[in-house]
Amino acid sequence: MPLTKDEHLQDAAILTRAVENVFRKLIRFLVGRMSLVKLQEMIRFIYVEEAESKLNRERPKHNVPLTRLAILTGLDTRTLIKVRNSERYRKPFYLEKRFLKSMTPESCVLDFWCSSSKYLHSTGKPKQIAVANEDNSFDQLVKESVSSRGITAQSILERLIANKAVKFDEDTEKIELLEKIHAPYKTGDQWGALEVGFLHTGNLLDTVFYNFQAVKDERKPFYQRGCWTNRLNKDNRAKFRNVLREILKESDERARDQIIPFEEKRSTDEQITAGISMFYFEEGLEDD
C-alpha cells in the first residue's frame, strides 16, 4: 500500500531531524575553522558527485542525463555543467591548496601575507606591518585578501591574536606574523585524533544506512546498540567515565583477540575492512 501524504511528511520530518542533529554538531565544531562559503562549496561538489554515481549504478555504461541529475540535486543544468567541468570535480578537497588557503578569512589573510611580495622582506620572511594608516598595512592586507563583506580588519586581527598566529608589538605598534602557516589552527596530535574520530563516525553512518535498508529488505541488520542514562549526577561524572572506560578497554581487548584469527597474512585487492568501534559519549560537553 502506498504511503499517505501524512506518512510521507512524517518520514520527511524524521529524516530532517536526524540530518539536522548531525549537521548541527558538525557545524558547531566547524565554526571558526571553515567558512560557510567553503562548506557550501564542498557539499555542492560532493552532492553532485554522489548523485552522478547513483545514476551510474542504476544504468551502468550509460551517460548520465543532465535532466536526471538536476532532478536528484535540485540544481539547474548550467550550475551542473559548471561543477562537472571544474578541474576540482571528483578530486579530494584536502589535496587542493587553493581550497585550503581560503577556508576562513583568517587563512586568506595569512596566505596573502606569506605570498605577496609587498608584505615580504627580500629574504622571503613576512614583514612586520602597521595596523592602519600606512602603505601595506594590516587594514590594506585584509581588503586585498578577503572578499567577504562585513568583515573588519579589527575582528580578524583579534581572531589571529587569540589563535597566537600574530602578535601586536606595543613598542613599534606593528603586527608580527609568528608562524608561516596557511590556517589559523596548528596541526598536531589532536588533529590526528580528529581524523581517526571522523573515520569512525563515517563507519557508524555506513552501519546506520545499511540497517535502514536491511529492515526494508527483511535482511539481518548489523549489530548496533547503545546504552546510557539521562539521570547522571554531574558530581559522579568522573567516576562514571572511569568505570565505563575500563569496560570499553576490556571489550576492546577481547574484540582484538577475536579478530586476529580472521586476518589474512597478505593484503589483496579483494579484501574488505570490517570491525567494530567503541566510544564513550556525553551530551552538553560544549557547556563545560
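Go through the stretch 1-108 and tell me which helices (runs of 4 or more DSSP H), entirely inside it, have 1 or more residues that are at pLDDT 90 or above.
5-30, 36-58, 66-73, 77-84
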Filter the stretch 248-288 down to the residues that are of a type in the set (A, V, I, L, M) and over 20 Å from Gly197 (Cβ atoms) and list them by number.
Ile259, Ile260, Ile272
Close pairs from the stretch 13-33: first more than 16 Å from Gly202 (Cα to Cα), partner outside any helix (DSSP H, G or I) and among the small types (Gly, Ala, Ser), Cβ under 9 Å, at least 6 apart
Arg33/Ala183
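Confirm whether Arg256 is basic (Lys, Arg), out of contact with any helix residue (DSSP H, G or I) (no Cβ under 6 Å at 6 or more places or on another chain) and assigned to a loop (DSSP other than H, G, I, E, B).
no
Among Arg219, Arg266, Arg231, which is farther than 29 Å from Asp11 by Cα and either at pLDDT 90 or above or within 29 Å of the chain's Cα centre (by Cα) (or both)?
Arg231
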Matching residues in the stretch 121-175 - criterion: being in contact (Cβ under 8 Å) with a residue 24 or more places away in the chain, of a type in the set (Asp, Glu) and either assigned to a loop (DSSP other than H, G, I, E, B) or under 30 Å from Leu36 (Cβ atoms) (or both):
Glu144, Glu173
Would the stretch 112-130 turn up any residue that is under 27 Å from the mean Cα position of the chain (by Cα) and within 24 Å of Asp171 (Cα to Cα)?
yes
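The values are calculated or read from the model by the stated rules, or taken from the named source; none is laboratory data. Nothing here was measured: the structure is a model prediction, and the numbers come from that model. Using ideal geometry, Cβ is built from the backbone for each residue, glycine included, and neighbour counts are taken over all protein chains shown.
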